[in-house]
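*Asks:* Sending over a structure as C-alpha coordinates; questions will come in a sec.
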Amino acid sequence: MDTTRIARQFAEQMVEHRNRLAGKAEDAQRAHAALEATHKLLAEHHGGHRSAAEAASAQWSGKTADGFDKRAHRVTRSLGATGSAAAEGATIVASTAQALDGGHGAVVRLLDEYTTKAARTLDAGLAVTGAGQRAAIIKAVGEVADLVRAYTGESAKQLAAVKAQMTDAARKLKALEKSVEHDGYADPKARHKTAPAATGKSAAGKKPDRDDSKPDRGSTKANGKGHEITTIARSQLGYREGAGNANKYGPSAAWCSSFATWAWRKAGVNIPLLPFTGDVYRWGQQHGTAYGKGSLDQARPGDVLLFGTGPQSPSTSTHIGIVEKVEGNTVTMIEGNSGDQVARRTHTLSSSTFYGGVHPK
(Lines give C-alpha, C1' and ligand atoms only; values in the text may rest on other atoms or scores of the structure.)
Protein backbone atom coordinates (compact mmCIF):
# COMPACT_ATOMS: atom_id res chain seq x y z
CA MET A 1 0.00 0.00 0.00
CA ASP A 2 1.37 3.41 -1.01
CA THR A 3 0.93 5.32 2.25
CA THR A 4 2.65 8.40 0.82
CA ARG A 5 0.00 8.70 -1.89
CA ILE A 6 -2.77 8.18 0.66
CA ALA A 7 -1.27 10.84 2.92
CA ARG A 8 -1.21 13.32 0.02
CA GLN A 9 -4.89 12.65 -0.71
CA PHE A 10 -5.71 13.91 2.78
CA ALA A 11 -3.76 17.11 2.07
CA GLU A 12 -5.77 18.35 -0.91
CA GLN A 13 -6.12 21.88 0.50
CA MET A 14 -2.38 22.18 1.16
CA VAL A 15 -1.68 21.05 -2.41
CA GLU A 16 -4.07 23.74 -3.64
CA HIS A 17 -2.24 26.39 -1.55
CA ARG A 18 1.08 25.28 -3.06
CA ASN A 19 -0.25 25.36 -6.62
CA ARG A 20 -1.86 28.79 -6.29
CA LEU A 21 1.32 30.31 -4.91
CA ALA A 22 3.44 28.70 -7.64
CA GLY A 23 1.31 30.14 -10.46
CA LYS A 24 1.13 33.63 -8.97
CA ALA A 25 4.88 33.70 -8.30
CA GLU A 26 5.65 33.19 -11.99
CA ASP A 27 3.09 35.84 -12.98
CA ALA A 28 4.73 38.33 -10.61
CA GLN A 29 8.19 37.57 -12.02
CA ARG A 30 6.93 38.18 -15.56
CA ALA A 31 5.30 41.47 -14.49
CA HIS A 32 8.53 42.58 -12.81
CA ALA A 33 10.55 41.85 -15.96
CA ALA A 34 8.05 43.80 -18.08
CA LEU A 35 8.17 46.84 -15.77
CA GLU A 36 11.98 46.77 -15.70
CA ALA A 37 12.06 46.74 -19.50
CA THR A 38 9.51 49.58 -19.65
CA HIS A 39 11.56 51.68 -17.24
CA LYS A 40 14.72 51.15 -19.31
CA LEU A 41 12.97 52.03 -22.56
CA LEU A 42 11.36 55.17 -21.13
CA ALA A 43 14.65 56.30 -19.60
CA GLU A 44 16.25 56.05 -23.06
CA HIS A 45 13.37 58.00 -24.65
CA HIS A 46 13.49 60.58 -21.88
CA GLY A 47 17.20 61.29 -22.39
CA GLY A 48 16.95 61.26 -26.17
CA HIS A 49 13.93 63.57 -26.28
CA ARG A 50 15.51 66.05 -23.88
CA SER A 51 18.75 66.20 -25.89
CA ALA A 52 16.93 66.58 -29.19
CA ALA A 53 14.63 69.30 -27.82
CA GLU A 54 17.54 71.25 -26.37
CA ALA A 55 19.43 71.03 -29.67
CA ALA A 56 16.38 72.25 -31.58
CA SER A 57 15.73 75.13 -29.16
CA ALA A 58 19.32 76.32 -29.45
CA GLN A 59 18.83 76.82 -33.19
CA TRP A 60 15.25 78.11 -33.14
CA SER A 61 14.02 81.64 -32.64
CA GLY A 62 10.80 83.38 -33.52
CA LYS A 63 7.13 83.34 -32.55
CA THR A 64 6.73 79.56 -32.34
CA ALA A 65 9.95 78.88 -30.42
CA ASP A 66 8.44 79.53 -26.99
CA GLY A 67 5.49 77.27 -27.73
CA PHE A 68 7.82 74.53 -28.89
CA ASP A 69 9.90 74.84 -25.72
CA LYS A 70 6.81 74.53 -23.51
CA ARG A 71 5.53 71.46 -25.36
CA ALA A 72 8.98 69.85 -25.38
CA HIS A 73 9.43 70.41 -21.63
CA ARG A 74 5.96 69.00 -20.98
CA VAL A 75 6.73 65.80 -22.91
CA THR A 76 10.13 65.50 -21.22
CA ARG A 77 8.51 65.81 -17.78
CA SER A 78 5.85 63.25 -18.73
CA LEU A 79 8.43 60.73 -19.91
CA GLY A 80 10.45 61.24 -16.74
CA ALA A 81 7.40 60.79 -14.49
CA THR A 82 6.24 57.69 -16.33
CA GLY A 83 9.73 56.18 -16.28
CA SER A 84 10.05 56.80 -12.54
CA ALA A 85 6.64 55.23 -11.96
CA ALA A 86 7.68 52.15 -13.94
CA ALA A 87 10.84 51.82 -11.82
CA GLU A 88 8.86 52.17 -8.59
CA GLY A 89 6.28 49.68 -9.86
CA ALA A 90 9.06 47.21 -10.67
CA THR A 91 10.34 47.52 -7.09
CA ILE A 92 6.85 46.89 -5.67
CA VAL A 93 6.29 43.86 -7.88
CA ALA A 94 9.77 42.47 -7.14
CA SER A 95 8.98 42.56 -3.42
CA THR A 96 5.67 40.79 -4.05
CA ALA A 97 7.37 38.15 -6.23
CA GLN A 98 9.87 37.51 -3.45
CA ALA A 99 7.02 37.09 -0.94
CA LEU A 100 5.20 34.70 -3.27
CA ASP A 101 8.35 32.65 -3.83
CA GLY A 102 9.01 32.52 -0.10
CA GLY A 103 5.42 31.55 0.68
CA HIS A 104 5.48 28.85 -1.97
CA GLY A 105 8.73 27.42 -0.57
CA ALA A 106 7.31 27.42 2.95
CA VAL A 107 4.16 25.56 1.87
CA VAL A 108 6.24 23.01 -0.09
CA ARG A 109 8.28 22.34 3.06
CA LEU A 110 5.13 22.03 5.19
CA LEU A 111 3.59 19.63 2.68
CA ASP A 112 6.72 17.48 2.55
CA GLU A 113 7.05 17.43 6.35
CA TYR A 114 3.40 16.51 6.80
CA THR A 115 3.60 13.77 4.15
CA THR A 116 6.62 12.18 5.82
CA LYS A 117 4.96 12.17 9.25
CA ALA A 118 1.57 11.01 7.95
CA ALA A 119 3.05 8.16 5.88
CA ARG A 120 5.11 7.03 8.89
CA THR A 121 1.97 7.07 11.07
CA LEU A 122 -0.02 5.02 8.54
CA ASP A 123 2.85 2.56 8.14
CA ALA A 124 2.92 2.05 11.90
CA GLY A 125 -0.82 1.35 11.98
CA LEU A 126 -0.59 -1.11 9.11
CA ALA A 127 2.33 -2.89 10.77
CA VAL A 128 0.10 -4.06 13.63
CA THR A 129 -1.16 -7.60 13.08
CA GLY A 130 -3.85 -9.70 14.65
CA ALA A 131 -6.93 -8.55 16.51
CA GLY A 132 -5.57 -5.09 17.21
CA GLN A 133 -4.92 -4.15 13.58
CA ARG A 134 -8.29 -2.51 12.93
CA ALA A 135 -8.02 -0.35 16.04
CA ALA A 136 -4.43 0.59 15.16
CA ILE A 137 -5.41 1.66 11.63
CA ILE A 138 -8.35 3.72 12.91
CA LYS A 139 -6.06 5.41 15.40
CA ALA A 140 -3.48 6.10 12.69
CA VAL A 141 -6.11 7.68 10.41
CA GLY A 142 -7.26 9.88 13.29
CA GLU A 143 -3.71 11.03 13.93
CA VAL A 144 -3.24 11.81 10.24
CA ALA A 145 -6.47 13.85 10.30
CA ASP A 146 -5.05 15.85 13.21
CA LEU A 147 -1.80 16.36 11.31
CA VAL A 148 -3.71 17.58 8.26
CA ARG A 149 -5.61 20.16 10.31
CA ALA A 150 -2.44 21.46 11.96
CA TYR A 151 -0.36 21.64 8.79
CA THR A 152 -3.19 23.03 6.65
CA GLY A 153 -3.64 25.76 9.24
CA GLU A 154 0.04 26.67 8.88
CA SER A 155 -0.10 26.66 5.07
CA ALA A 156 -3.25 28.82 5.20
CA LYS A 157 -1.29 31.35 7.31
CA GLN A 158 1.40 31.47 4.63
CA LEU A 159 -1.23 32.02 1.94
CA ALA A 160 -2.97 34.73 4.00
CA ALA A 161 0.32 36.56 4.62
CA VAL A 162 1.15 36.58 0.91
CA LYS A 163 -2.40 37.69 0.04
CA ALA A 164 -2.06 40.61 2.45
CA GLN A 165 1.19 41.67 0.77
CA MET A 166 -0.40 41.33 -2.67
CA THR A 167 -3.35 43.50 -1.57
CA ASP A 168 -0.95 46.14 -0.27
CA ALA A 169 1.07 45.99 -3.50
CA ALA A 170 -2.12 46.36 -5.57
CA ARG A 171 -3.05 49.46 -3.54
CA LYS A 172 0.40 50.99 -4.08
CA LEU A 173 0.33 50.23 -7.81
CA LYS A 174 -3.13 51.77 -8.13
CA ALA A 175 -1.93 54.93 -6.41
CA LEU A 176 1.11 54.95 -8.67
CA GLU A 177 -1.08 54.62 -11.74
CA LYS A 178 -3.14 57.65 -10.69
CA SER A 179 0.00 59.69 -10.14
CA VAL A 180 1.25 59.13 -13.69
CA GLU A 181 0.48 62.06 -15.96
CA HIS A 182 -1.64 61.09 -18.97
CA ASP A 183 1.15 61.49 -21.48
CA GLY A 184 0.12 59.10 -24.23
CA TYR A 185 2.92 56.68 -23.31
CA ALA A 186 1.40 54.98 -20.29
CA ASP A 187 -2.26 56.00 -20.54
CA PRO A 188 -4.23 53.12 -22.11
CA LYS A 189 -7.20 55.45 -22.72
CA ALA A 190 -5.15 57.33 -25.30
CA ARG A 191 -4.95 54.18 -27.42
CA HIS A 192 -8.63 53.40 -26.97
CA LYS A 193 -9.66 56.82 -28.28
CA THR A 194 -7.81 56.36 -31.55
CA ALA A 195 -8.68 52.71 -32.10
CA PRO A 196 -11.70 52.06 -34.36
CA ALA A 197 -14.68 50.54 -32.61
CA ALA A 198 -15.26 46.84 -33.11
CA THR A 199 -18.33 46.64 -35.31
CA GLY A 200 -17.90 43.22 -36.88
CA LYS A 201 -16.80 44.89 -40.14
CA SER A 202 -13.52 46.25 -41.40
CA ALA A 203 -12.97 49.94 -42.16
CA ALA A 204 -13.98 49.27 -45.75
CA GLY A 205 -17.29 47.77 -44.63
CA LYS A 206 -16.27 44.22 -45.35
CA LYS A 207 -16.58 41.36 -42.94
CA PRO A 208 -13.37 40.72 -41.01
CA ASP A 209 -11.14 37.79 -41.80
CA ARG A 210 -11.64 34.61 -39.80
CA ASP A 211 -10.36 34.97 -36.21
CA ASP A 212 -8.03 32.03 -35.57
CA SER A 213 -8.02 32.78 -31.86
CA LYS A 214 -11.55 31.37 -31.60
CA PRO A 215 -12.04 27.62 -31.30
CA ASP A 216 -12.72 25.87 -34.59
CA ARG A 217 -15.15 23.33 -33.18
CA GLY A 218 -14.60 19.85 -34.45
CA SER A 219 -11.51 20.59 -36.53
CA THR A 220 -8.60 18.18 -36.29
CA LYS A 221 -6.21 20.58 -38.06
CA ALA A 222 -4.02 22.99 -36.16
CA ASN A 223 -4.75 26.71 -36.45
CA GLY A 224 -1.95 29.24 -35.89
CA LYS A 225 -2.07 29.04 -32.10
CA GLY A 226 -2.35 25.25 -32.08
CA HIS A 227 0.61 24.92 -34.45
CA GLU A 228 2.70 27.19 -32.22
CA ILE A 229 1.82 25.18 -29.11
CA THR A 230 2.62 21.82 -30.68
CA THR A 231 5.91 23.18 -32.05
CA ILE A 232 6.91 24.33 -28.55
CA ALA A 233 5.84 21.01 -27.02
CA ARG A 234 7.81 18.99 -29.61
CA SER A 235 10.93 21.01 -28.82
CA GLN A 236 10.82 19.58 -25.27
CA LEU A 237 10.60 15.89 -26.23
CA GLY A 238 13.15 13.87 -24.27
CA TYR A 239 13.51 16.35 -21.40
CA ARG A 240 13.89 14.41 -18.12
CA GLU A 241 13.13 15.47 -14.56
CA GLY A 242 15.78 15.69 -11.83
CA ALA A 243 15.79 14.18 -8.36
CA GLY A 244 12.57 14.60 -6.38
CA ASN A 245 10.47 15.63 -9.41
CA ALA A 246 12.69 18.69 -9.99
CA ASN A 247 11.81 20.23 -13.37
CA LYS A 248 12.14 23.51 -15.26
CA TYR A 249 8.41 24.01 -15.78
CA GLY A 250 7.14 24.49 -12.21
CA PRO A 251 7.27 23.18 -8.64
CA SER A 252 9.21 20.03 -7.70
CA ALA A 253 6.10 17.86 -7.83
CA ALA A 254 4.06 15.97 -10.41
CA TRP A 255 4.65 18.28 -13.39
CA CYS A 256 2.47 17.16 -16.30
CA SER A 257 0.17 20.17 -15.79
CA SER A 258 3.05 22.58 -15.21
CA PHE A 259 4.48 21.47 -18.56
CA ALA A 260 1.16 21.88 -20.42
CA THR A 261 0.47 25.36 -19.05
CA TRP A 262 4.13 26.34 -19.56
CA ALA A 263 3.84 25.47 -23.26
CA TRP A 264 0.57 27.40 -23.57
CA ARG A 265 2.10 30.44 -21.89
CA LYS A 266 5.16 30.29 -24.19
CA ALA A 267 2.71 30.42 -27.11
CA GLY A 268 1.04 33.52 -25.67
CA VAL A 269 -2.01 31.98 -23.98
CA ASN A 270 -3.00 34.12 -20.98
CA ILE A 271 -3.21 31.29 -18.42
CA PRO A 272 -1.45 31.02 -15.05
CA LEU A 273 1.08 28.29 -14.37
CA LEU A 274 -1.25 25.57 -13.00
CA PRO A 275 0.47 22.53 -11.43
CA PHE A 276 -2.89 20.75 -10.81
CA THR A 277 -4.62 19.30 -13.88
CA GLY A 278 -8.14 19.95 -12.59
CA ASP A 279 -7.41 23.68 -12.40
CA VAL A 280 -6.71 23.71 -16.16
CA TYR A 281 -10.19 22.31 -16.84
CA ARG A 282 -11.75 24.85 -14.44
CA TRP A 283 -9.84 27.62 -16.23
CA GLY A 284 -11.37 26.39 -19.48
CA GLN A 285 -14.85 26.43 -17.94
CA GLN A 286 -14.35 30.01 -16.75
CA HIS A 287 -13.22 31.12 -20.22
CA GLY A 288 -15.76 29.12 -22.23
CA THR A 289 -13.20 26.84 -23.92
CA ALA A 290 -13.68 23.58 -21.98
CA TYR A 291 -15.54 20.58 -23.38
CA GLY A 292 -16.67 17.41 -21.63
CA LYS A 293 -16.24 13.71 -22.30
CA GLY A 294 -19.28 13.74 -24.58
CA SER A 295 -17.58 16.22 -26.92
CA LEU A 296 -14.11 14.74 -27.33
CA ASP A 297 -14.55 14.94 -31.11
CA GLN A 298 -13.76 18.66 -30.67
CA ALA A 299 -10.14 17.83 -29.78
CA ARG A 300 -7.61 19.45 -32.10
CA PRO A 301 -3.85 20.14 -32.10
CA GLY A 302 -2.79 22.50 -29.32
CA ASP A 303 -5.66 21.51 -27.01
CA VAL A 304 -5.11 19.72 -23.73
CA LEU A 305 -6.97 16.55 -22.77
CA LEU A 306 -7.61 15.61 -19.14
CA PHE A 307 -7.23 12.03 -17.91
CA GLY A 308 -9.54 10.65 -15.22
CA THR A 309 -13.15 11.18 -14.17
CA GLY A 310 -13.33 14.86 -13.22
CA PRO A 311 -11.49 17.97 -11.98
CA GLN A 312 -12.34 17.59 -8.30
CA SER A 313 -9.02 16.32 -6.90
CA PRO A 314 -5.68 14.72 -7.88
CA SER A 315 -7.31 11.30 -7.46
CA THR A 316 -10.00 12.09 -10.09
CA SER A 317 -7.96 14.33 -12.42
CA THR A 318 -4.83 12.26 -12.85
CA HIS A 319 -2.88 13.49 -15.88
CA ILE A 320 -2.86 15.93 -18.80
CA GLY A 321 -1.32 16.08 -22.25
CA ILE A 322 -1.11 18.39 -25.26
CA VAL A 323 -2.85 17.16 -28.41
CA GLU A 324 -0.41 16.82 -31.32
CA LYS A 325 -2.77 15.22 -33.86
CA VAL A 326 -6.11 13.43 -34.08
CA GLU A 327 -6.75 10.61 -36.55
CA GLY A 328 -10.21 9.10 -36.27
CA ASN A 329 -10.56 7.84 -32.70
CA THR A 330 -6.80 7.91 -32.06
CA VAL A 331 -5.09 10.90 -30.48
CA THR A 332 -1.33 11.49 -30.35
CA MET A 333 -0.24 13.65 -27.42
CA ILE A 334 2.91 15.22 -26.00
CA GLU A 335 2.90 14.71 -22.24
CA GLY A 336 5.06 16.01 -19.44
CA ASN A 337 5.99 13.74 -16.54
CA SER A 338 5.23 10.65 -18.60
CA GLY A 339 7.80 8.11 -17.49
CA ASP A 340 9.62 11.03 -15.77
CA GLN A 341 10.12 12.82 -19.10
CA VAL A 342 8.39 14.71 -21.90
CA ALA A 343 7.21 12.00 -24.26
CA ARG A 344 4.91 11.37 -27.22
CA ARG A 345 2.07 8.94 -26.41
CA THR A 346 -0.88 7.59 -28.40
CA HIS A 347 -4.31 6.88 -26.88
CA THR A 348 -7.81 5.97 -27.94
CA LEU A 349 -9.94 9.12 -27.87
CA SER A 350 -12.38 7.68 -25.36
CA SER A 351 -14.47 8.95 -22.45
CA SER A 352 -13.16 6.01 -20.43
CA THR A 353 -9.72 7.66 -20.60
CA PHE A 354 -10.49 11.38 -20.76
CA TYR A 355 -13.11 13.39 -18.87
CA GLY A 356 -12.71 16.42 -21.12
CA GLY A 357 -10.45 18.88 -22.88
CA VAL A 358 -9.71 22.58 -23.19
CA HIS A 359 -9.05 24.76 -26.25
CA PRO A 360 -6.36 27.45 -25.81
CA LYS A 361 -7.80 30.97 -25.75
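The values are calculated or read from the model by the stated rules, or taken from the named source; none is laboratory data. Owing to the predicted nature of the structure, the values given are computational and were not obtained by experimental measurement. Glycine also receives a Cβ, built like all others from the backbone with ideal geometry; neighbour counts cover every protein chain displayed. In case anyone asks, the SASA skips ligands and DNA or RNA and just uses the protein heavy atoms, side chains included. Shrake-Rupley method; radii C 1.70, N 1.55, O 1.52, S 1.80 Å.
*Asks:* Run the dipole for the stretch 233-316 about the Cα centre, Lys and Arg Cβ at +1, Asp and Glu Cβ at -1, nothing else charged, and hand back the magnitude in debye, nearest 20.
*Replies:* With Lys and Arg at +1 and Asp and Glu at -1, about 200 debye.
*Asks:* Counting only other residues whose beta carbon sits under 11 Å from that of GLY125, what net charge do I get with K and R as +1, D and E as -1?
*Replies:* Summing Lys and Arg as +1 and Asp and Glu as -1 gives +1.
*Asks:* From the backbone phi of the stretch 14-21, what are the Karplus-calculated ³J(HN,Hα) couplings (6.51 cos²θ - 1.76 cosθ + 1.60, θ = phi - 60°) in whole Hz, Gly and Pro given as x?
*Replies:* With the stated coefficients, the stretch 14-21 comes to 5, 4, 5, 4, 4, 5, 5, 5 Hz.
*Asks:* Among THR309, PHE276, SER295, whose Cα projects farthest towards the positive end of the dipole of the stretch 242-312, with charges put on the beta-carbon of Lys, Arg (+1) and Asp, Glu (-1)?
*Replies:* Among THR309, PHE276, SER295, the one farthest towards the positive end of the dipole of the stretch 242-312 is PHE276.
*Asks:* For the stretch 108-154, rounded, prolate or oblate, judged on the Cα gyration tensor with a ≥ b ≥ c (square roots of eigenvalues), a/c < 1.5 rounded, else prolate if a/b > b/c? Don't jump to the answer; show the numbers that get you there.
*Replies:* On the way: a/c = 6.42, a/b = 2.21, b/c = 2.91.
Note, shape of the stretch 108-154 comes out oblate.
*Asks:* Starting from the Cα of LYS157, step 7 Å along the direction of its Cβ; do the same at HIS287; then give the gap between the two resulting points in nm.
*Replies:* For LYS157 paired with HIS287, the spin-label model returns 3.6 nm.
*Asks:* With a 1.4 Å probe and all protein chains kept in place, how much accessible area does ILE6 have, in Å² rounded to the nearest 10?
*Replies:* For ILE6, solvent-accessible area is about 40 Å².
*Asks:* If amide hydrogens are placed 1.01 Å from N in the peptide plane, which non-local residues have theirs closer than 5 Å to the one on TYR239?
*Replies:* VAL342
*Asks:* Please calculate how many Å² of accessible area the stretch 302-361 carries per residue, with a 1.4 Å probe and no DNA, RNA or ligand atoms counted.
*Replies:* 36 Å²
*Asks:* Right, next: Among the listed pairs LYS293/LYS325; LYS266/LYS361; LYS117/LYS248, which are separated by more than 21 Å between their Cα atoms?
*Replies:* LYS117/LYS248
*Asks:* May I pose another question? What's the percent breakdown of Cα-Cα distances in the stretch 218-316 across 10 Å bins, shortest bin first?
*Replies:* Here the calculated profile for the stretch 218-316 is 15, 45, 34, 5, 0.
*Asks:* Take the alpha carbon atoms of the stretch 295-344, find their center, do the same for the stretch 114-144, and report the distance between the two centers in whole angstrom.
*Replies:* 36 Å
*Asks:* How large is log10 of I(q)/I(0) for the stretch 257-361 at q = 0.12, 0.16, 0.20, 0.24 Å⁻¹ when the intensity is taken from the Debye formula with one equal scatterer per alpha-carbon?
*Replies:* -0.32, -0.59, -0.97, -1.48
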